[in-house]
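The values are calculated or read from the model by the stated rules, or taken from the named source; none is laboratory data. Predicted model, so just to flag it, every value in this text is computed and none were measured. As a convention, Cβ positions derive from the backbone with ideal geometry for all residues, glycine included, and neighbour counts pool all protein chains shown.
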Amino acid sequence: MKNTFIRSVPILTFHKVDSSFEWGVTRVTPNQFRHVLEFLKQEDYHTISLHHYFNPASEPPSKPIVITFDDSYESVYTHAFPLLEAYGFTATVFVISGYAGKINKWDVNLGWCQFQHLSWDQIVQLKNAGFEIGSHTVHHPDLTRISSPLLKSELEISKKQIEDKIGEEVRFISFPFGRYNQKVIEMSREAGYQRGCGFWIRSFEKKVEEKFVFQRKAYYLFDGIWNLKLKLRSGAFTFLEEFKLRIVNFCSHGTSLVKPVKSYFDPI
């Protein structure tokens, strides 16, 4: 049976849910996040996993939505998890396996603001609470700028490390910085991933008969409920959200450009 609801399901992406100051905009405060969940609950949205999303035999709930977290920061456990539980929601968390339980040395960290990543114990607790766990590679490099052997190891090792820890198959990967190309798609398939996600679909990928990459809408520090409504459904001003997302995503490339490629693979 063909899954007919895939195109209509919004997928939201968050990074940090933290009140601590930083220079970037990928953080949202716990209060902001609570307002988002409150709105979704009032609008009768129901969270589903990506596995449910792409399973052709699955039956969707009324008004399904997927909530995802990139980078696997500890704030997902300390701040987002209690709020999600309180509203009866779950999420998908993409784990940087090499940084589990460690600080984010892979990032530029302007102003020396550093953040802790989820520990393996916290990741397992989230999995046991009904959260879906995906891969965000081992070291969070720009996958389009590394050699084929390094790309292969980033894809395969992260998948195996996570699977060994949680005891479940890892089906999905989130590409660091949302960047991918045809080689990344092909090698992700070879590594055993069912799908990969970025923030929009690149033109070359539209030509692939069996689509691999799916699109998400990120929620940032400067977003409000009006922006959330634009992310949840198509409308006259949807292009503004798309344009804003492209600008923020372009700026995020600064990390991969400022930090030498080899620095991602230094001892953690």
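Can you tell which of Gly88, Gly101 is surrounded by fewer than 19 Cβ atoms within 10 Å (Cβ to Cβ), modelled with pLDDT of 95 or more and more than 30 Å from His46 (Cβ to Cβ)?
On the way: Gly88 fails: more than 30 Å from His46 (Cβ to Cβ).
Selected residue: Gly101, the only one of Gly88, Gly101 that is surrounded by fewer than 19 Cβ atoms within 10 Å (Cβ to Cβ), modelled with pLDDT of 95 or more and more than 30 Å from His46 (Cβ to Cβ).
Name the residues in the stretch 142-184 that are surrounded by fewer than 22 Cβ atoms within 10 Å (Cβ to Cβ), part of a loop (DSSP other than H, G, I, E, B) and hydrophobic (A, V, I, L, M, F, W, C), would you?
Residue satisfying the conditions is Ile146 alone.
Does Ser62 count as free of Cβ contacts under 8 Å to residues at least 60 places away in the same chain, closer than 23 Å to Gly198 by Cβ and surrounded by fewer than 16 Cβ atoms within 10 Å (Cβ to Cβ)? Please lay out each step first, then the result.
Values: free of Cβ contacts under 8 Å to residues at least 60 places away in the same chain: yes; closer than 23 Å to Gly198 by Cβ: no; surrounded by fewer than 16 Cβ atoms within 10 Å (Cβ to Cβ): yes.
When the stated conditions are applied, Ser62 does not pass them.
Would you check which residues across the stretch 12-57 are hydrophobic (A, V, I, L, M, F, W, C) and either over 15 Å from the mean Cα position of the chain (by Cα) or surrounded by fewer than 19 Cβ atoms within 10 Å (Cβ to Cβ) (or both) and list them? Let's see the steps before the verdict.
Kept after step one, since they are hydrophobic (A, V, I, L, M, F, W, C), are these residues of the stretch 12-57: 12, 14, 17, 21, 23, 25, 28, 33, 36-37, 39-40, 48, 50, 54, 57.
Passing the criteria: Phe21, Trp23, Val25, Phe33, Val36, Leu37, Phe39, Leu40, Phe54, Ala57.
Only residues that are of a type outside the set (Phe, Trp, Tyr), surrounded by fewer than 24 Cβ atoms within 10 Å (Cβ to Cβ) and closer than 16 Å to Lys160 by Cα: list them for the stretch 106-126, please.
Passing the criteria: only Val124.
Does Ile173 count as modelled with pLDDT of 95 or more and out of contact with any Gly (no Cβ under 7 Å at 6 or more places or on another chain)? Even if it seems obvious, please write down each step before you answer.
Details: modelled with pLDDT of 95 or more: yes; out of contact with any Gly (no Cβ under 7 Å at 6 or more places or on another chain): no.
It is false that Ile173 is modelled with pLDDT of 95 or more and out of contact with any Gly (no Cβ under 7 Å at 6 or more places or on another chain).
Regarding the stretch 133-148, can at least one residue be identified that is out of contact with any Cys (no Cβ under 9 Å at 6 or more places or on another chain), within 16 Å of Ser75 (Cα to Cα) and touching a residue at least 60 places away in the same chain (Cβ under 8 Å)? Walk me through it before giving the result.
Keep residues of the stretch 133-148 that are out of contact with any Cys (no Cβ under 9 Å at 6 or more places or on another chain), which gives 133, 135-148.
Okay, now just the ones that are also within 16 Å of Ser75 (Cα to Cα), so 133.
If we keep only those that are touching a residue at least 60 places away in the same chain (Cβ under 8 Å) too, we end up with none.
No, there is no match, as no residue in the stretch 133-148 is out of contact with any Cys (no Cβ under 9 Å at 6 or more places or on another chain), within 16 Å of Ser75 (Cα to Cα) and touching a residue at least 60 places away in the same chain (Cβ under 8 Å).
Quick one: how many residues across the stretch 28-86 are within 29 Å of Gln116 (Cα to Cα), touching a Pro at 6+ places or on another chain (Cβ under 7 Å) and part of a strand (DSSP E or B)?
Matching residues across the stretch 28-86 total 1.
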